[in-house]
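Report on one structure; see the data block that follows.
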Amino acid sequence: MHSDIFPSYRGVMEYVCQGCQGRYPAEELHYTCPHCDSVFLLENTAFGELAEKSPQEWRALFDARRAGKNPALQGVFLFYELVAPIIDEQDVVWLGEGQTPIIEARTSLRRLVGQPLAFKNEGQNPSGSFKDRGMACAFSYLQAMIRKYGWNEVLTVCASTGDTSASAAMYAAYVEGPVTSAVLLPRDRVTPQQLAQPLGSGAMVLELPGVFDDCMQVVEHLADHYHVALLNSKNSWRILGQETFAYEVAQWYGWDMAGKAVFVPIGNAGNISAVLSGFLKLAELRIIERLPKILGVQSSHADPIFRYYAQDEAGRHYEPVQVAPSVAQAAMIGNPVSFPRVTSLVERYEARAGRGSFAVVQVEEQEIIEGMLLANARGHIACTQGGECLAGLIRARQDGLLEADETAILDATAHSLKFLGFQQAYFDRTLSPEYEIKPREEQINRPQAVLVDESLPAQGQADFIARAAEEVVRLLSLRDREME
């Protein structure tokens with residue numbers, strides 16, 4: 001088996017509406033169903049052919065590719081046959097996304113939480129978030145369409161809470177040619193680091209008053225009436241790329257998902273849809289024998305899917321919610337686009353894995369930011385969404401949703417550096433009251449000034465160095481070597 005040879009297998013991809021179940025060929029860009037306006041999932045109608053290869057052969061092939069050198073079979077396309085098996089090698093875009101590590105929590109954090117746990121560090125993707133998985137697939141498909149139809153002008157657009165815009169702008173800048181990028185952001189609801197990213201990639205950045213849901217409605221209008229390529233998770237090619245989170249988790253644990261529980265922040269619900277879909281595909285091919293538990297997490301400031309599943313099953317009714325500000329900014333979505341995908345996939349997931357294999361937990365803003373601080377103080381690089389997952393794990397334990405020996409894998413969706421403003425505001429006690437967070441002194445860390453009254457010394461001044469060293473010794477409670 002040569003891991004660097006691009007596959008000859010080609011599937012037959014169709015858009016499948018999650019509302020009316022209508023089907024459309026994947027030969028053009030579709031975002032919502034022309035008949036009922038619901039969202040799509042992409043399905044390979046030739047998926048059954050993949051079962052001709054044994055589970056052992058699939059595991060060996062994917063493991064071999066991971067050690068390969070062909071860029072077209074790295075990242076999300078390491079799992080080519082499961083992702084988008086109509087893309088040709090020349091159209092694959094790979095910027096180093098994928099294969100993010102799973103870092104096991106140290107003993108102190110495991111004991112504190114009371115559960116075996118690990119973080120999957122999605123912030124180590126090239127733009128600093130999991131969004132790169134979906135963009136790699138969406139832009140590969142877009143390149144294929146550009147080549148097939150000879151398009152000479154393509155404007156990509158997206159609404160964002162920060163990470164989507166950073167990723168979309170970066171991939172658009174790399175693909176070049178006829179592709180340009182515009183992103184719509186809610187004014188004053190994106191961190192300075194996240195705002196800087198699309199600007200640095202050369203995108204046109206438009207800031208709108210309101211929240212993400214308002215920006216999303218604008219780009220939906222653009223996609224419905226103008227020639228633009230929508231890159232939000234309404235774009236079902238993105239969902240395919242994000243399924244690789246599930247494939248990588250399974251591969252990391254030797255394709256054994258027994259006794260595992262995966263925590264995913266819900267936000268716009270694209271990622272949890274992808275994770276559900278990805279694990280289902282692995283199970284259908286028997287690459288994994290057991291499905292893990294999937295637990296979605298939502299802030300009480302934006303929790304429509306939690307509210308839906310908290311209702312009695314017979315009378316469930318979905319309603320969007322009015323959001324309040326959240327430190328987990330990607331979670332601040334009151335009407336998730338992918339809700340129809342979630343309900344459809346959860347039904348399939350529970351039919352295969354049983355009741356209790358999926359749940360949604362709700363957490364408070366205080367728990368989210370302190371979850372981030374707790375994780376990072378013990379060596380992780382969790383963003384606020386990673387903190388949301390840790391808070392979700394603690395809540396799930398309280399609600400009796402986990403077995404004592406189950407290993408929790410927490411999705412840290414972005415790099416902590418993108419959200420340091422919230423950490424600093426917590427330490428400085430300057431968080432706006434709308435977040436409903438009260439900083440606790442034991443969680444706060446501040447710099448300590450040394451020789452406050454000293455003026456700037458001359459370089460290498462001996463007496464200054466001696467006084468500074470003496471003060472540092474005092475502050476650190478150091479002991480003289482000769483006294484030991």
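The values are calculated or read from the model by the stated rules, or taken from the named source; none is laboratory data. If you're wondering where the values come from, they're calculated on a predicted model, not measured in any experiment. Methodologically, a virtual Cβ is constructed for each residue, glycine included, from the backbone with ideal geometry; neighbour enumeration extends over all protein chains shown.
So PHE77 clears everything in (1) touching a helix residue (DSSP H, G or I) at 6+ places or on another chain (Cβ under 8 Å); (2) surrounded by fewer than 15 Cβ atoms within 10 Å (Cβ to Cβ); (3) modelled with pLDDT of 95 or more except one condition, right? Which one?
All conditions pass for PHE77, except number (2).
I need the full set of residues from segment 319-352 which are surrounded by fewer than 21 Cβ atoms within 10 Å (Cβ to Cβ) and part of a loop (DSSP other than H, G, I, E, B), in order please.
Across segment 319-352, the qualifying residues are GLU319, PRO320, VAL321, GLN322, VAL323, ALA324, PRO325, GLY334, ASN335.
Of these, LYS120, LYS131, which one is among the basic types (Lys, Arg), in the same structural domain as LEU373 (by TED's automatic domain parsing) and either within 17 Å of LEU410 (Cβ to Cβ) or touching a helix residue (DSSP H, G or I) at 6+ places or on another chain (Cβ under 9 Å) (or both)? Outline the logic, then answer.
Details: LYS131 fails: in the same structural domain as LEU373 (by TED's automatic domain parsing).
When all the criteria are applied, what remains is LYS120.
Restricting the search to segment 371-400, which residues are of a type in the set (D, E, K, R) and crowded, with 20+ Cβ neighbours inside 10 Å? If you could, list the steps in order and put the result at the bottom.
Of all residues in segment 371-400, those of a type in the set (D, E, K, R) come to 378, 388, 395, 397, 399.
Within segment 371-400, GLU388 is the sole residue that qualifies.
Take segment 203-227 and flag every residue that is of a type in the set (A, V, I, L, M) and either without any contact (Cβ under 8 Å) to a residue 12 or more places away in the chain or closer than 23 Å to VAL175 by Cβ (or both). Steps first, answer last, please.
From segment 203-227, those of a type in the set (A, V, I, L, M) are 203-206, 208, 211, 216, 218-219, 222-223; that's our starting set.
Answer for segment 203-227, where residues must be of a type in the set (A, V, I, L, M) and either without any contact (Cβ under 8 Å) to a residue 12 or more places away in the chain or closer than 23 Å to VAL175 by Cβ (or both): ALA203, MET204, VAL205, LEU206, VAL219, LEU222, ALA223.
Give the residues of segment 110-132 that are among the aliphatic types (A, V, I, L, M) and surrounded by 20 or more Cβ atoms within 10 Å (Cβ to Cβ), sorted by residue number.
Within segment 110-132, the subset among the aliphatic types (A, V, I, L, M) is 112-113, 117-118.
Correct list: LEU117, ALA118.
What number of residues within segment 285-304 satisfy the criterion of being under 22 Å from the mean Cα position of the chain (by Cα) and either in a helix (DSSP H, G or I) or surrounded by fewer than 19 Cβ atoms within 10 Å (Cβ to Cβ) (or both)? Spell out how you get there, then give the answer.
Within segment 285-304, the first condition is being under 22 Å from the mean Cα position of the chain (by Cα), and the residues that meet it are 291-304.
Those still in the list that are either in a helix (DSSP H, G or I) or surrounded by fewer than 19 Cβ atoms within 10 Å (Cβ to Cβ) (or both) too: 300, 304.
Residues flagged as under 22 Å from the mean Cα position of the chain (by Cα) and either in a helix (DSSP H, G or I) or surrounded by fewer than 19 Cβ atoms within 10 Å (Cβ to Cβ) (or both) within segment 285-304 amount to 2.
Would you pick out the residues in segment 35-53 that are touching a residue at least 12 places away in the same chain (Cβ under 8 Å) and out of contact with any helix residue (DSSP H, G or I) (no Cβ under 9 Å at 6 or more places or on another chain)?
HIS35, CYS36, ASP37, GLU43, THR45, ALA46, GLU49 - these are the residues of segment 35-53 that are touching a residue at least 12 places away in the same chain (Cβ under 8 Å) and out of contact with any helix residue (DSSP H, G or I) (no Cβ under 9 Å at 6 or more places or on another chain).
Among GLY241, GLY202, GLY210, GLY177, which is outside any strand (DSSP E or B), out of contact with any Leu (no Cβ under 9 Å at 6 or more places or on another chain) and buried (at least 24 other Cβ atoms within 10 Å of the Cβ)? Please lay out each step first, then the result.
Details: GLY202 fails: buried (at least 24 other Cβ atoms within 10 Å of the Cβ); GLY210 fails: buried (at least 24 other Cβ atoms within 10 Å of the Cβ); GLY177 fails: buried (at least 24 other Cβ atoms within 10 Å of the Cβ).
The match here is GLY241.
With the structure loaded, tell me whether GLU436 is over 30 Å from VAL249 (Cβ atoms), surrounded by 12 or more Cβ atoms within 10 Å (Cβ to Cβ) and without any contact (Cβ under 8 Å) to a residue 40 or more places away in the chain or whether it fails that test.
On the way: over 30 Å from VAL249 (Cβ atoms): yes; surrounded by 12 or more Cβ atoms within 10 Å (Cβ to Cβ): yes; without any contact (Cβ under 8 Å) to a residue 40 or more places away in the chain: no.
No.
Considering each of ARG316, ARG307, ARG355 in turn, give the residue that is without any contact (Cβ under 8 Å) to a residue 40 or more places away in the chain, more than 20 Å from PRO433 (Cα to Cα), crowded, with 16+ Cβ neighbours inside 10 Å and not hydroxyl-bearing (Ser, Thr, Tyr).
Numbers: ARG316 fails: crowded, with 16+ Cβ neighbours inside 10 Å; ARG355 fails: crowded, with 16+ Cβ neighbours inside 10 Å.
Only one candidate qualifies: ARG307.
State yes or no: is GLU403 surrounded by fewer than 23 Cβ atoms within 10 Å (Cβ to Cβ), in the same structural domain as GLN115 (by TED's automatic domain parsing), under 24 Å from GLU289 (Cα atoms) and not β-branched (Val, Ile, Thr)?
Details: surrounded by fewer than 23 Cβ atoms within 10 Å (Cβ to Cβ): yes; in the same structural domain as GLN115 (by TED's automatic domain parsing): yes; under 24 Å from GLU289 (Cα atoms): yes; not β-branched (Val, Ile, Thr): yes.
In short, yes.
Looking only at segment 406-416, decide whether some residue is surrounded by 14 or more Cβ atoms within 10 Å (Cβ to Cβ), modelled with pLDDT of 95 or more and acidic (Asp, Glu).
For segment 406-416, residues surrounded by 14 or more Cβ atoms within 10 Å (Cβ to Cβ), modelled with pLDDT of 95 or more and acidic (Asp, Glu): present.
If I filter segment 133-158 down to residues being small (Gly, Ala, Ser) and within 21 Å of the chain's Cα centre (by Cα), which single residue comes out as surrounded by the fewest Cβ atoms within 10 Å (Cβ to Cβ)?
First, pick out the residues of segment 133-158 that are small (Gly, Ala, Ser): 134, 136, 138, 140, 144, 150.
Next, only the ones that are within 21 Å of the chain's Cα centre (by Cα) stay: 134, 136, 138, 140.
On the way: GLY134: 32, ALA136: 33, ALA138: 29, SER140: 26.
Checked segment 133-158; the qualifying residue surrounded by the fewest Cβ atoms within 10 Å (Cβ to Cβ) is SER140.
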